[in-house]
Amino acid sequence: MLGEFRRLKELGVLSMNSRNADFIMEGNPRSLFPLVDDKVETKALAEKYQIPTPALYYLVEHQGSIKEVPQKMAGISEFAVKPARGSGGNGILLIKGQNDKGFLTQSGRTITRAEFAYHLSTILAGVYSLEGLEDKALIEALIHPDPVFHEVAYQGVPDERIVVYRGVPVMAMVRLPTRASDGKANLHKGAIGVGIQLDNGLTLSGVHHTDLITRHPDTGHPLNNIQIPYWEKILLMSARVTEMTGLNYIGADFVLDLDLGPVLLELNARPGLAIQLANQSGLRGRLEKIDQAPREIFQTAETRVAWAREAFGKHLC
């Protein structure tokens with residue numbers, strides 16, 4: 001066991017204990033966590049920093065407001081329902097249309113208006129919230145995904161995760177839904193994590209659970225050499241989240257909308273470590289390299305992104 005630990009350390013793999021002690025506790029004041037744990041707070045901050053997020057149609061804050069929702073949403077056929085303080089995609093409901101029987105979900109199932117109201121009620125009760133406390137429900141515009149990942153995603157909406165340290169993009173991956181994940185871009189539920197080369201936005205190989213793979217298990221298409229659109233823009237947006245939140249170590253999740261381009265989906269003050277498997281590269285060496293970088297690279301988002309693409313782009317770290 002000790003030998004394995006030493007080998008992982010030599011490879012620059014960041015452990016959970018080290019992530020928590022050396023980077024999250026050191027660089028992420030807990031007083032700032034609500035800015036990223038609450039999607040309402042994140043959305044307000046992003047607007048201030050001119051980072052696009054899905055349009056907010058309606059915010060349900062009280063149980064008594066649930067009865068008003070059908071009237072408020074009468075003219076809108078497509079939307080997403082999300083818990084403000086949810087995580088891992090839990091509690092999210094994607095609606096593709098309405099009819100006399102109720103609401104048509106993205107998976108093709110029809111839920112009645114009573115079932116829809118009950119779902120909102122469970123969100124407000126805190127069933128999906130991080131601490132199990134009372135929550136709010138956001139009703140947002142539904143994302144129409146860019147077709148770039150059409151051949152390597154099973155339903156759902158892929159998203160791009162960028163780990164950012166001190167305002168510098170460190171490592172990136174795209175999370176691709178699978179049949180096993182029920183169309184959700186959640187690695188714990190069976191989605192695929194595919195590494196992204198930082199300099200040019202080309203995908204690498206992938207990881208499914210703990211297995212390294214080169215093709216999507218459902219579609220059979222290769223995972224590598226997919227060019228992610230708007231890559232420069234995505235990196236610049238991710239580089240601004242440190243200034244936006246005051247958190248030094250953070251995960252920024254983006255989706256590619258067909259019409260809007262990259263849209264910030266959410267932020268995470270405790271980003272997971274599977275991104276290292278997806279990139280077959282350790283985070284620790286990159287984080288230490290940022291700590292040793294010349295002071296002038298930290299001046300603007302543009303200088304931080306340019307330095308990161310040069311330092312980490314060849315996928316040698």
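Checking Leu273 against (1) under 18 Å from Val194 (Cβ atoms); (2) modelled with pLDDT of 95 or more; (3) surrounded by fewer than 17 Cβ atoms within 10 Å (Cβ to Cβ), which test does it fail?
Status for Leu273: all satisfied but (2).
Any residue that is of a type in the set (Gly, Ala, Ser) and over 16 Å from Asn200 (Cβ atoms) - is there at least one of those in the stretch 254-268? Outline the logic, then answer.
Restricting attention to the stretch 254-268, the residues satisfying the condition of being of a type in the set (Gly, Ala, Ser) are 261.
Right, trim to over 16 Å from Asn200 (Cβ atoms) and you get 261.
Yes: the stretch 254-268 contains one or more residues that are of a type in the set (Gly, Ala, Ser) and over 16 Å from Asn200 (Cβ atoms).
What is the one condition in (1) buried (at least 21 other Cβ atoms within 10 Å of the Cβ); (2) at pLDDT below 95; (3) over 25 Å from Ile92 (Cα atoms) that Ala185 does not satisfy?
The single condition Ala185 does not satisfy is (3).
With the stretch 79-148 as the region, which strands (runs of 3 or more DSSP E) entirely inside it contain at least 2 residues that are touching a residue at least 40 places away in the same chain (Cβ under 8 Å)?
Once the strands (runs of 3 or more DSSP E) in the stretch 79-148 are filtered for at least 2 residues that are touching a residue at least 40 places away in the same chain (Cβ under 8 Å), what remains is 79-83, 93-99, 137-140.
A quick yes/no check of all residues on (1) assigned by TED's automatic domain parsing to the domain that holds Ala269; (2) at pLDDT 95 or above; (3) among the small types (Gly, Ala, Ser):
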site	(1), (2), (3)
Ser18	yes, no, yes
Asp22	yes, no, no
Met25	yes, no, no
Arg30	yes, no, no
Leu35	yes, no, no
Glu47	yes, no, no
Val60	no, yes, no
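Select, from Thr242, Thr303, the only residue that is crowded, with 22+ Cβ neighbours inside 10 Å, of a type in the set (Ser, Thr, Tyr) and not in a strand (DSSP E or B).
Selected residue: Thr242, the only one of Thr242, Thr303 that is crowded, with 22+ Cβ neighbours inside 10 Å, of a type in the set (Ser, Thr, Tyr) and not in a strand (DSSP E or B).
Could you tell me whether the stretch 66-77 includes any residue that is of a type outside the set (Asp, Glu), within 30 Å of Gln98 (Cβ to Cβ), touching a Phe, Trp or Tyr at 6+ places or on another chain (Cβ under 8 Å) and surrounded by 16 or more Cβ atoms within 10 Å (Cβ to Cβ)?
yes
Any idea how many residues of the stretch 191-225 are surrounded by 20 or more Cβ atoms within 10 Å (Cβ to Cβ) and in a loop (DSSP other than H, G, I, E, B)?
The number of residues fulfilling the criteria is 6.
Among the candidates Pro229, Pro177, single out the residue that is closer than 21 Å to Asp146 by Cβ and surrounded by fewer than 22 Cβ atoms within 10 Å (Cβ to Cβ).
The match here is Pro229.
What residue, of Leu283, Leu267, Leu236, is within 23 Å of Ile51 (Cβ to Cβ), surrounded by 22 or more Cβ atoms within 10 Å (Cβ to Cβ), among the aliphatic types (A, V, I, L, M) and touching a residue at least 24 places away in the same chain (Cβ under 8 Å)? Before the answer, list the steps.
Values: Leu283 fails: within 23 Å of Ile51 (Cβ to Cβ); Leu236 fails: surrounded by 22 or more Cβ atoms within 10 Å (Cβ to Cβ).
Residue meeting the stated conditions: Leu267.
Name every residue in the stretch 149-190 that is farther than 22 Å from Trp231 by Cα and in a loop (DSSP other than H, G, I, E, B), in order of residue number.
Those that are farther than 22 Å from Trp231 by Cα and in a loop (DSSP other than H, G, I, E, B): Tyr154, Gln155, Thr178, Arg179, Ala180, Ser181, Asp182, Gly183, Lys184, Gly190.
The values are calculated or read from the model by the stated rules, or taken from the named source; none is laboratory data. None of the values given here were measured: they were computed from a predicted structure. All Cβ positions, glycine included, derive from the backbone under ideal geometry; neighbour counts span all protein chains shown.
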